[in-house]
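Chemist: A single structure is presented below for examination.
The values are calculated or read from the model by the stated rules, or taken from the named source; none is laboratory data. The structure presented is a predicted model; accordingly, all values stated were derived computationally and were not measured. Quick reminder, even Gly has a Cβ in these numbers, built from the backbone with ideal geometry, and neighbours come from all protein chains shown.
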Amino acid sequence: MGSRAKILEKIKANKPDALALPNLDLNAFDEGLNLEKEFIKKIEVVGGNVYPITSNTEALLKIKALFPNTKVNYSTLENTSEFNTVTLNDIKKPQELEDLDILVLESKLAVAENGAVWIEDSKIPLRVLPFITKHLVLVIDEKSIVPYMHQAYQKIEDFHFGVFISGPSKTADIEQSLVIGAHGALSLTVLLKK
Amino acid sequence: MKVGLFIPCYINQLYPQVGIATLELLEKLNVEVTYPSGQTCCGQPMANSGYENESIGACNNFVSNFKDFDYIVTPSGSCAYHVKKHYNIINQTHDVKNVRNNIYELCDFIVNILKIKDVGASFPYKVGVHKSCHGLRGLRLGSCSEVVGERYSSLEDLLKEVKGTELMSLKRTDECCGFGGTFAVTEEAISVKMGKDKIQDHLNNGVEVITATDTSCLMHLEGLIARNKKPLKVLHIAEILNSQYFTKVPN
Amino acid sequence: MSHPKLASIFNKDEKRVNWHDKALWFVRHKRDLSVHQVKGWETLRNLGHGIKAHTLSNLDNYLIQFEDNALKNGVQVHWAANGDEHNKIVHRILKENNAKKVVKSKSMLTEECHLNPFLEADDIEVIDTDLGERIVQLAKEPPSHIVLPAIHKNKHEVDELFQEHLGTEPCNGDPQYLTHEARKHLREKFIEADAAITGVNFAIAETGGVVVCTNEGNADMGAHLAPVHIACMGVEKIIPKQDHLGVFLRLLARSATGQPITTYSSHFKKPRKGTKMHIVIVDNGRSEQLSRPDFRASLHCIRCGACMNTCPIYRRSGGHSYDATIPGPIGSILSPGKDLKKHSTLPFASTLCGSCSDVCPVKIDIHTQLYKWRQIITKETKQPFVKKKSMAIMGNVFSKPSQFERVGKIARWSLRHLPKSIINSKPNAWGKARDLPKGPKQSFDQWYNQRQDKNE
């Protein structure tokens with residue numbers, strides 16, 4: 001008998017009698033959050049920056065103002081192709097993106113309670129993009145903000161890879177001192193579309 | 001209302017004044033108290049050390065002493081908790097169930113059964129409350145810092161009404177003092193360090209007298225205070241609630 | 001060595017104990033600030049507990065469902081009965097893919113299985129990429145905490161370590177500089193890696209996907225660059241539905257560090273184009289723990305580390321004093337199930353204060369389990385004669401009121417009349433740093449009887 005069968009058999013023999021799965025009653029959590037205010041507050045708590053915008057054109061202007069001297073840029077926003085300095089089709093291996101300075105992505109889902117923004121690989125041609133880039137800019141419509149993780153999962157449908165990103169990468173592994181910029185992005189900017 | 005008084009073994013032998021204060025306080029509050037003469041120990045010292053079986057004699061003795069009371073009151077959160085939680089090792093007879101159901105720590109009994117907060121005491125000192133863990137997290141005599149919800153404390157309810165007493169707040173409101181029964185001896189280094197840190201928190205916050213529902217914690221802290229000659233006193237909460245000091249007593 | 005011995009060694013340097021205690025209390029405090037803001041926090045904890053309890057009661061079926069879905073997603077699934085089999089499976093996958101350089105993100109399971117030395121013995125380079133794990137790896141030490149692996153090291157020690165191994169400049173322990181240098185060093189490793197190993201925080205039966213949570217982004221940097229991704233998980237990582245992630249992701253980071261969520265919560269479902277993804281499902285004693293009704297709830301653990309941060313003993317004895325893969329309160333209820341004798345002092349490394357149980361996001365009754373392990377340990381492992389004997393004598397004394405009175409009298413007299421040098425002499429560990437109370441002349445019993453006599 002292989003390990004699979006052995007493990008499953010042991011678990012079957014050792015597990016307790018069936019216990020019911022508890023119901024998720026979301027009313028217990030609702031505190032009538034002001035979604036936009038809470039989202040902005042939490043983004044700042046987790047070390048990100050938020051700016052209001054009204055259009056993609058304005059988004060690009062803002063990005064150029066915030067990051068004036070970047071060399072390698074990539075954006076998936078509509079009508080921003082002149083911003084891009086790389087063509088992903090030319091990328092043979094994700095390692096080639098090592099020098100990416102700035103990545104701009106659009107998301108359709110964000111969570112107020114923790115500032116998390118959902119990105120899935122239908123929106124990112126290469127999974128490593130939001131991690132390998134030095135600076136990450138996420139564009140969100142304010143209507144895409146849900147209050148809690150529970151509502152977020154109700155909206156997530158099928159994906160191959162997806163990630164909630166809340167703030168820039170960080171670590172506190174040296175004496176509990178918070179340092180922004182571990183292995184992932186060194187900064188996170190959220191542009192909130194009105 | 002038939003009330004039986006349980007005086008824990010070490011209080012009986014080493015801190016009789018705590019037992020006396022408890023009895024006097026209850027009598028002051030017009031409770032008719034009986035003190036059964038055959039009592040010894042709740043069995044906790046053996047059980048917490050991993051020798052539950054050796055505690056069965058003590059458990060049975062406890063039950064036979066206290067089975068007929070409506071309420072069993074004791075100046076120890078730890079002993080009350082032990083009876084409630086760990087008397088599942090003996091047969092769950094009607095008597096055993098009664099005893100487990102009817103045992104109350106002193107403050108719990110005064111606040112939640114007698115529904116009294118002002119016991120008419122005077123004690124003009126700066127008091128720091130040590131929230132002994134078994135009372136706090138076992139009997140839920142108060143809210144603890146870990147759990148989210150309404151803040152409350154039976155001990156503080158009572159102490160707030162004591163004339164002259166100023167309740168001092170601590171940096172770590174409910175950290176363990178490090179007594180822990182045989183832990184105090186088997187893990188001597190940590191136990192002592194925890195006690196020292198606890199005392200320092202009280203000193204840093206201007207406390208003159210540390211009080212608690214459990215003399216065991218206080219014995220540990222007092223041992224450290226005496227050895228290190230710290231300017232602090234310890235008193236069981238029954239002693240404060242039974243006090244009639246209108247001015248500070250010179251040391 | 002036993003916990004008391006290792007703890008007393010740690011306590012020789014009181015300044016270090018203070019520093020360690022404060023660093024972890026700070027994390028516990030951040031947890032408090034964060035969870036007290038969440039409406040329905042206790043409901044979340046109950047749900048976390050309930051979902052895990054339900055899952056365990058149907059674990060075999062959920063594992064099968066998970067495997068089915070993972071296979072459909074194009075992921076290869078492997079089963080390992082123990083640590084050795086786990087290591088062999090990982091080794092085989094690496095060999096098949098010609099992988100010589102491996103980057104690993106935090107996985108307590110691979111620590112438990114001692115994967116690194118196994119692979120290193122065959123000249124495979126394994127680099128731990130979580131900063132804290134990299135620090136302890138360079139120091140050739142095990143992690144001392146499951147979330148903060150290098151919490152026992154101060155910044156100057158890290159400074160020296162990096163100078164020696166990474167060739168950094170002396171920087172007076174500047175965390176910013178050190179972290180930046182680690183980023184550069186590990187970036188190279190990510191770029192060169194032939195394979196990435198990650199742990200798993202949650203595995204979803206309904207979708208066959210796994211979720212990995214990090215703050216640094218190291219799991220993603222590894223998994224999205226290397227051509228092979230191996231995710232290793234214990235059988236207890238299963239949750240039934242994706243919706244349940246809403247509960248656990250709300251609980252996890254807040255309990256761990258006070259953050260509302262980790263920076264990255266990565267959901268892996270299908271391998272990326274042209275690459276392979278493997279999942280290794282490991283038992284290694286878990287099904288055994290499942291058979292113990294008193295202890296099976298220890299398998300609810302989501303590895304947040306909150307019980308360590310809150311534990312007054314852990315904070316003052318350091319993670320290494322537990323001499324176990326998982327230290328602290330949760331480790332003290334898991335480890336005896338694996339090796340009762342080796343870990344027999346751990347359930348006694350507690351005052352049973354209960355803070356661990358109250359802080360636990362999935363409501364494991366940790367302190368109750370510690371108490372229960374004690375009862376088993378005294379029966380099944382050799383105990384010091386003095387302890388055993390004294391407990392039997394005490395049990396006897398307390399069962400008979402007449403004996404209690406006699407012994408009490410002697411004890412009080414001794415405390416009153418014996419010189420301190422005898423009372424506090426060596427066999428009395430109490431007296432090393434603490435005074436004993438003065439023995440009163442009268443016990444409460446005697447006072448009470450006297451009063452009764454007077455009243456009559």
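Chemist: Can we say B:Thr247 is more than 10 Å from chain C (Cβ to nearest Cβ), at pLDDT below 95 and under 18 Å from B:Pro124 (Cβ atoms)?
Modeler: Yes; evaluated as a whole, the condition is true for this residue.
Chemist: C:Ala429 versus (1) surrounded by 15 or more Cβ atoms within 10 Å (Cβ to Cβ); (2) small (Gly, Ala, Ser); (3) over 25 Å from B:Glu187 (Cα atoms): which is the lone unmet condition?
Modeler: Failing condition for C:Ala429: (3).
Chemist: Moving on. What's the number of the only condition in (1) surrounded by fewer than 22 Cβ atoms within 10 Å (Cβ to Cβ); (2) in a strand (DSSP E or B); (3) among the hydrophobic types (A, V, I, L, M, F, W, C) that C:Val103 fails to meet?
Modeler: Evaluating C:Val103 over (1) surrounded by fewer than 22 Cβ atoms within 10 Å (Cβ to Cβ); (2) in a strand (DSSP E or B); (3) among the hydrophobic types (A, V, I, L, M, F, W, C) leaves (1) as the failure.
Chemist: When you go through C:Asp174, C:Asp243, C:Asp220, C:Asp194 one by one, which is the residue that is surrounded by fewer than 23 Cβ atoms within 10 Å (Cβ to Cβ) and touching a strand residue (DSSP E or B) at 6+ places or on another chain (Cβ under 9 Å)?
Modeler: Sole residue among the options that is surrounded by fewer than 23 Cβ atoms within 10 Å (Cβ to Cβ) and touching a strand residue (DSSP E or B) at 6+ places or on another chain (Cβ under 9 Å): C:Asp194.
Chemist: Same structure, new question: Being surrounded by fewer than 18 Cβ atoms within 10 Å (Cβ to Cβ) and in contact with a helix residue (DSSP H, G or I) (Cβ under 7 Å, 6 or more places away or on another chain) narrows it down to one residue among C:Lys454, C:Lys438, C:Lys420; which is it? Can you show your working first?
Modeler: Numbers: C:Lys454 fails: in contact with a helix residue (DSSP H, G or I) (Cβ under 7 Å, 6 or more places away or on another chain); C:Lys420 fails: in contact with a helix residue (DSSP H, G or I) (Cβ under 7 Å, 6 or more places away or on another chain).
Result of the check over C:Lys454, C:Lys438, C:Lys420: C:Lys438.
Chemist: Also, quick follow-up: So, in segment C:37-59, of the ones that are crowded, with 19+ Cβ neighbours inside 10 Å and basic (Lys, Arg), which residue ends up farthest from A:Pro16 (Cα to Cα)?
Modeler: Applying the filter and picking the extreme gives C:Arg45.
Chemist: Another one. Can you tell me which residue is nearest to the other protein chains (Cβ to nearest Cβ) among those in segment C:125-173 that are over 19 Å from the mean Cα position of the chain (by Cα) and among the basic types (Lys, Arg)?
Modeler: For segment C:125-173, the residue satisfying everything is C:Lys155.
Chemist: Hey, does segment C:375-393 have a residue that's buried (at least 16 other Cβ atoms within 10 Å of the Cβ) and of a type in the set (Phe, Trp, Tyr)?
Modeler: no
The rows are residues; the columns are (1) of a type outside the set (Ser, Thr, Tyr); (2) within 8 Å of another protein chain (Cβ to nearest Cβ); (3) surrounded by fewer than 24 Cβ atoms within 10 Å (Cβ to Cβ).
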site	(1), (2), (3)
B:Ile7	yes, yes, no
B:Thr22	no, no, no
B:Leu25	yes, no, no
B:Ser37	no, yes, yes
B:Asn60	yes, yes, yes
B:Asn88	yes, no, yes
B:Asn101	yes, no, yes
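Chemist: Answer yes or no: is there a residue in segment A:133-141 that is at the interface with chain C (Cβ under 7 Å from one of its Cβ atoms) and either touching a residue at least 24 places away in the same chain (Cβ under 8 Å) or farther than 19 Å from C:Asn201 by Cα (or both). First the steps, then the outcome.
Modeler: In the first step, residues of segment A:133-141 are kept if they are at the interface with chain C (Cβ under 7 Å from one of its Cβ atoms); the result is none.
Checked segment A:133-141: no residue is at the interface with chain C (Cβ under 7 Å from one of its Cβ atoms) and either touching a residue at least 24 places away in the same chain (Cβ under 8 Å) or farther than 19 Å from C:Asn201 by Cα (or both).
Chemist: For the condition touching a strand residue (DSSP E or B) at 6+ places or on another chain (Cβ under 9 Å), farther than 15 Å from B:Cys42 by Cβ, within 14 Å of chain C (Cβ to nearest Cβ) and of a type in the set (D, E, K, R), what is the one hit in B:Asp174, B:Asp70?
Modeler: B:Asp174
Chemist: A further question on this structure: Just to be sure, is B:Ser216 among the hydroxyl-bearing types (Ser, Thr, Tyr), within 11 Å of chain C (Cβ to nearest Cβ) and assigned to a helix (DSSP H, G or I)?
Modeler: Considered against the rule, which asks whether it is among the hydroxyl-bearing types (Ser, Thr, Tyr), within 11 Å of chain C (Cβ to nearest Cβ) and assigned to a helix (DSSP H, G or I), B:Ser216 comes out as yes.
Chemist: Also: Applying the selection to segment B:85-105, what residues are assigned to a helix (DSSP H, G or I) and touching a strand residue (DSSP E or B) at 6+ places or on another chain (Cβ under 6 Å)?
Modeler: Residue satisfying the conditions is B:Asn102 alone.
Chemist: Right, next: Of all helices (runs of 4 or more DSSP H) completely enclosed by segment C:347-456, which ones contain at least 1 residues that are without any contact (Cβ under 8 Å) to a residue 60 or more places away in the chain, in contact with a Pro (Cβ under 9 Å, 6 or more places away or on another chain) and facing another protein chain (nearest Cβ under 9 Å)?
Modeler: Counting at least 1 such residues, we get C:355-359, C:366-380, C:385-399, C:401-417, C:444-455.
Chemist: Of the conditions (1) in contact with a strand residue (DSSP E or B) (Cβ under 8 Å, 6 or more places away or on another chain); (2) more than 30 Å from C:His156 (Cβ to Cβ); (3) within 12 Å of chain C (Cβ to nearest Cβ); (4) not β-branched (Val, Ile, Thr), A:Gly181 clears all except one; give me its number.
Modeler: (2)
Chemist: Only one of A:Leu191, A:Leu88, A:Leu100, A:Leu129 is more than 23 Å from A:Ile53 (Cβ to Cβ) and of a type outside the set (Phe, Trp, Tyr). Can you tell me which?
Modeler: Unique residue meeting the criteria: A:Leu88.
Chemist: Moving on. I need the full set of residues from segment C:143-162 which are crowded, with 17+ Cβ neighbours inside 10 Å and touching a residue at least 24 places away in the same chain (Cβ under 8 Å), in order please.
Modeler: C:Pro143, C:Ser144, C:His145, C:Ile146, C:Val147, C:Leu148, C:Pro149, C:Ile151, C:His152, C:Leu161, C:Phe162, listed by residue number.
Chemist: Go through segment B:139-160 residue by residue and tally those that are more than 14 Å from chain C (Cβ to nearest Cβ) and not in a loop (DSSP other than H, G, I, E, B).
Modeler: Total meeting the criteria: 8.
Chemist: Out of curiosity, is C:His267 more than 12 Å from every other protein chain (Cβ to nearest Cβ) and surrounded by fewer than 24 Cβ atoms within 10 Å (Cβ to Cβ)?
Modeler: no
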